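Asks: Below: one structure in structure tokens.
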Amino acid sequence: MNRLLLASAFMVMLASCGPSTFIVSRDSSSYYFGSESQSLKRMICDTGDLERVLRDAEIPEHLKSDFNEYVCTEKRSREKVIALYAFLSPEEKRSLKRAFSMRGYMVNHVAC
């Protein structure tokens with residue numbers, strides 16, 4: 001819980017720094033992870049892919065549900081996703097990106 005509180009404190013600071021997550025791409029579509037785009041929601045949420053990615057990622061369980069909430073529900077929030085992502089360790093960030101790759105997504109590649 002303290003991690004989430006600290007993440008919230010950084011939210012405003014991080015939001016002013018521009019995108020600070022990573023790009024997920026599939027089928028000629030690319031989005032920053034955490035974008036509030038309806039198209040991203042269809043691509044990773046409506047398909048169930050984000051649930052599978054989060055299940056594979058080696059990140060704390062409570063953050064998995066937070067990521068799902070702030071990416072896939074009516075509570076979508078770019079700022080909260082950025083804050084959560086910023087709080088992950090370097091290895092946890094790599095694990096999350098690897099989990100997307102394992103599910104057929106390209107990471108940090110802009111599709112043409």
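The values are calculated or read from the model by the stated rules, or taken from the named source; none is laboratory data. Here the structure is a predicted model, which means the values were calculated and not measured. Neighbour counts run over all protein chains shown; Cβ positions are idealised from the backbone, glycine included.
Asks: If I ask for residues that are over 16 Å from Lys41 (Cβ atoms) and in a loop (DSSP other than H, G, I, E, B), which ones from the stretch 57-92 would you list?
Replies: Ala57, Glu58, Ile59, Pro60, Leu88, Ser89
Asks: With respect to Glu61, determine if the residue is surrounded by fewer than 18 Cβ atoms within 10 Å (Cβ to Cβ), charged (D, E, K, R) and within 15 Å of Leu96 (Cβ to Cβ).
Replies: Numbers: surrounded by fewer than 18 Cβ atoms within 10 Å (Cβ to Cβ): yes; charged (D, E, K, R): yes; within 15 Å of Leu96 (Cβ to Cβ): yes.
Yes, satisfied.
Asks: To continue, here is another question. Among the residues in the stretch 67-74, are any out of contact with any helix residue (DSSP H, G or I) (no Cβ under 6 Å at 6 or more places or on another chain), surrounded by fewer than 17 Cβ atoms within 10 Å (Cβ to Cβ) and at pLDDT below 90?
Replies: Checked against the condition, which is being out of contact with any helix residue (DSSP H, G or I) (no Cβ under 6 Å at 6 or more places or on another chain), surrounded by fewer than 17 Cβ atoms within 10 Å (Cβ to Cβ) and at pLDDT below 90, the stretch 67-74 yields no hits at all.
Asks: Which condition number does Leu88 fail, the rest of (1) crowded, with 18+ Cβ neighbours inside 10 Å; (2) more than 17 Å from Ser25 (Cα to Cα); (3) in contact with a helix residue (DSSP H, G or I) (Cβ under 6 Å, 6 or more places away or on another chain) being met?
Replies: It fails just one condition, (3).
Asks: To continue, here is another question. Can you name every residue in the stretch 26-46 that is assigned to a loop (DSSP other than H, G, I, E, B), more than 14 Å from the chain's Cα centre (by Cα) and over 13 Å from Asn68 (Cα atoms)?
Replies: Asp27, Ser28
Asks: Just the residues that are polar (S, T, N, Q) and either surrounded by fewer than 14 Cβ atoms within 10 Å (Cβ to Cβ) or at pLDDT 95 or above (or both), please, taken from the stretch 14-24.
Replies: Selection gives Ser16 alone.
Asks: Here are Arg55, Arg42, Arg3: which of them is modelled with pLDDT of 95 or more and either farther than 24 Å from Arg94 by Cβ or touching a His at 6+ places or on another chain (Cβ under 9 Å) (or both)?
Replies: Criteria check complete, one pass: Arg42.
Asks: Shifting gears a bit: Out of Arg42, Arg52, I need the residue that is in contact (Cβ under 8 Å) with a residue 40 or more places away in the chain and either within 26 Å of Ser28 (Cβ to Cβ) or touching a Ser or Thr at 6+ places or on another chain (Cβ under 9 Å) (or both). Which one?
Replies: On inspection, the qualifying residue turns out to be Arg52.
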